[in-house]
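Engineer: Handing you a structure now.
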Amino acid sequence: METIKDLFGQLYDVKTLVHTVGYIGLVIIIFSETGLLAGFFLPGDSLLVTAGLFAATGELDIVLLNVMLIPAAVIGDAVGYWIGHKSGPHLFKREQSLLFRKDYLIKTQEFYNKYGRMTIILARFIPIIRTFAPTVAGIAQMKYLDFFKFNVIGGALWILGMTLLGYLLGNTIPNIDKHIEKVIVIIVFLSILPIIYKFVSSKMKKKKEK
C-alpha cells in the first residue's frame, strides 16, 4: 500500500515528473492517459501546463513539445477507439477493478449520448472523461473517419491550449516558475470544475424529484 501511495505521490508531483521523464516520458504519459483505460488516474492538464511553464524558462522547447505531444494524444485516442470498437458492449460486463472503472465508462457513455460526436473534442478538457470517450465512441461504432477528424481537432486544441497557457504565463508573470505548485492547484481545480458542476446539479435534480 505504501508503494502505491509513493507512486501516486510521484505522479502528481508534476514539477519533478516533468524534470525526470523529459520529452519521451511526457509522450508516454499523454498516450497512456488518452489511449489506455487504466490511464485515467494520470495527470494531464497540470502536466501540460507545467511543461509549458518549463518551456518558457528555456528548459524545454515549446515547438518540439507540441510536435511530439499532439501525435501522442491523437494516437492515444485512436487506440482507445479501437479497444472499444473491437471489445464492444462486452466491456460493460467486465468487473470493476483498481485499473478498470466501469462506473467511469458508464458516465462517459451518458456524456457521449448527450453530446454525440462533439464528445471527442469536449472530453479532451475533462479529466477521466477524456480517457474513456474514445472507447465509448468505438463501442458506439462511430464512423472512424468522423472520429479521426474530431480526434485530430480535439488533440491539437488540448495540447496547444494547455502548453501555450503555461508558456504564456511563464513569459508574462515574473518568477511564476517559483510558484508552479499554486498554478497546478488552480489548473487542477479548473479542470475538475465540470465534474463538480455535474455532481452538484445531479444532486439538486434528485432532491427536486423527491
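Engineer: In segment 99-112, which residues are open to solvent by 80 Å² or more (accessible area, probe 1.4 Å) and at pLDDT 80 or above?
Structural biologist: Selection gives Glu110 alone.
Engineer: In this structure, does Leu64 turn out to be at pLDDT below 80, of a type in the set (A, V, I, L, M) and open to solvent by 10 Å² or more (accessible area, probe 1.4 Å)? First the steps, then the outcome.
Structural biologist: On the way: at pLDDT below 80: no; of a type in the set (A, V, I, L, M): yes; open to solvent by 10 Å² or more (accessible area, probe 1.4 Å): yes.
In short, no.
Engineer: Here is a further query. Filter segment 137-162 down to the residues that are of a type in the set (Gly, Ala, Ser) and under 17 Å from the mean Cα position of the chain (by Cα) and list them by number.
Structural biologist: Here is the first cut: in segment 137-162, the residues of a type in the set (Gly, Ala, Ser) are 137-138, 140, 154-156, 161.
Answer for segment 137-162, where residues must be of a type in the set (Gly, Ala, Ser) and under 17 Å from the mean Cα position of the chain (by Cα): Ala137, Gly154, Gly155, Ala156, Gly161.
Engineer: Out of the residues in segment 1-34 that are at pLDDT below 80 and of a type in the set (D, E, K, R), state the one that is farthest from Gly52 (Cα to Cα).
Structural biologist: Here the answer is Glu2.
The values are calculated or read from the model by the stated rules, or taken from the named source; none is laboratory data. Everything numeric here is computed off the predicted structure, so don't read it as measured data. Side chains included, ligands, DNA and RNA excluded: accessible areas come from the protein's heavy atoms. Shrake-Rupley method; radii C 1.70, N 1.55, O 1.52, S 1.80 Å.
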